[in-house]
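Structure record follows, encoded as structure tokens.
The values are calculated or read from the model by the stated rules, or taken from the named source; none is laboratory data. Note that this is a predicted model, so its numbers are computed, not measured. Methodologically, a virtual Cβ is constructed for each residue, glycine included, from the backbone with ideal geometry; neighbour enumeration extends over all protein chains shown. The area values use the complete protein model at the heavy-atom level, side chains included, leaving out ligands, DNA and RNA. Shrake-Rupley method; radii C 1.70, N 1.55, O 1.52, S 1.80 Å.
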Amino acid sequence: MSKTEALKKADEYELDLVLISDKGEVAVAKIIDYGKFKYERKKKESEAKKNQKQVETKEVRLRPNIGQHDLDVKIRAAIGFIEKGNRVKVSLSYRGREMANKDVGFETIKKFLDAMEDIAQIDKQPKMNGRFLDAYISPIKN
């Protein structure tokens, strides 16, 4: 029916004419209560949002000359984050003269990533970012 007929019909029922879709050959409109329509749409959106899982990025900070036991503790913390489904940022920070021997830091972060390779995948390879050497890992998708 035409737009004017639809508007008259909507006035007759004391409801609103709401455009549902205008993508097809013919535009689709409904005669409904617009307030109720908005309320139900908002409720559906909030329900969909509730069912989504937010992936957090957790951070594990390392130092170039970290001891083996301390590295193991950091690895266990990262494993806990990965098992919960979070993404992990591995950040190795340099101070002062440590910047002169960056390869020590690369070796440390390589040890860390090798220990994580069976449960995590590397999203972003280690890269210098100012005084930090950053890498990102996430759970392996099945």
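Note on the chain: GNM, Cα springs under 10 Å; of VAL60, VAL26, VAL73, the largest mean-square fluctuation is that of VAL26.
Under a Gaussian network description of the chain, with springs only between Cα atoms under 10 Å, the residue in ILE122, ILE32, ILE79 that fluctuates furthest is ILE32. Note on the chain: with charges restricted to the Cβ of Lys and Arg (+1) and Asp and Glu (-1), its dipole about the Cα centre is near 480 debye. Per residue, the convex hull spanned by the alpha carbons of segment 89-142 comes to 58 Å³.
Along its first, second and third principal axes, ordered by size, the chain spans 81, 27, 26 Å in Cα coordinates.
Highest mobility in the GNM of the chain, judged by mean-square fluctuation with C-alpha springs under 10 Å and restricted to GLU25, GLU98, GLU107, is found for GLU25. Can you give the angle from 0 to 90° between the axis of helix 68-83 and the longest principal axis of the chain, with both taken from C-alpha atoms, to the nearest 10? Helix 68-83 sits at roughly 10 degrees to that axis. Taken about its Cα centre, segment 28-76 carries a charge dipole of roughly 320 debye when the Cβ of each Lys and Arg holds +1 and the Cβ of each Asp and Glu holds -1.
Give me the net charge of PRO139's neighbourhood, meaning all other residues with Cβ under 11 Å from the Cβ of PRO139; Lys, Arg count +1, Asp, Glu -1. Please list the in-between numbers first.
Working: positive: LYS84, ARG87, LYS141; negative: GLU83, ASP123.
After counting each charged neighbour, the total is +1.
The residues of segment 38-97 expose on average 76 square angstrom of accessible surface per residue, using a 1.4 Å probe on protein heavy atoms. Calculate for the chain the 222 nm mean residue ellipticity that helices alone would give, adding -39,500 (n - 2.57) per DSSP H run of length 4 or more and normalising by residue count, nearest 500 deg cm²/dmol. The helix contribution divided over the chain gives -14000 deg cm²/dmol.
Couplings for segment 96-106, taken from phi via the Karplus curve 6.51 cos²θ - 1.76 cosθ + 1.60 with θ = phi - 60°, read x, 6, 5, 5, 5, 10, 5, 5, 5, x, 5 Hz in order; Gly and Pro are left as x.
Computed 3J(HN,Hα) for segment 110-124, one whole-Hz value per residue from the Karplus formula 6.51 cos²θ - 1.76 cosθ + 1.60 where θ = phi - 60°, is 5, 4, 4, 5, 5, 5, 9, 5, 7, 10, 9, 10, 7, 7, 9, glycine and proline marked x.
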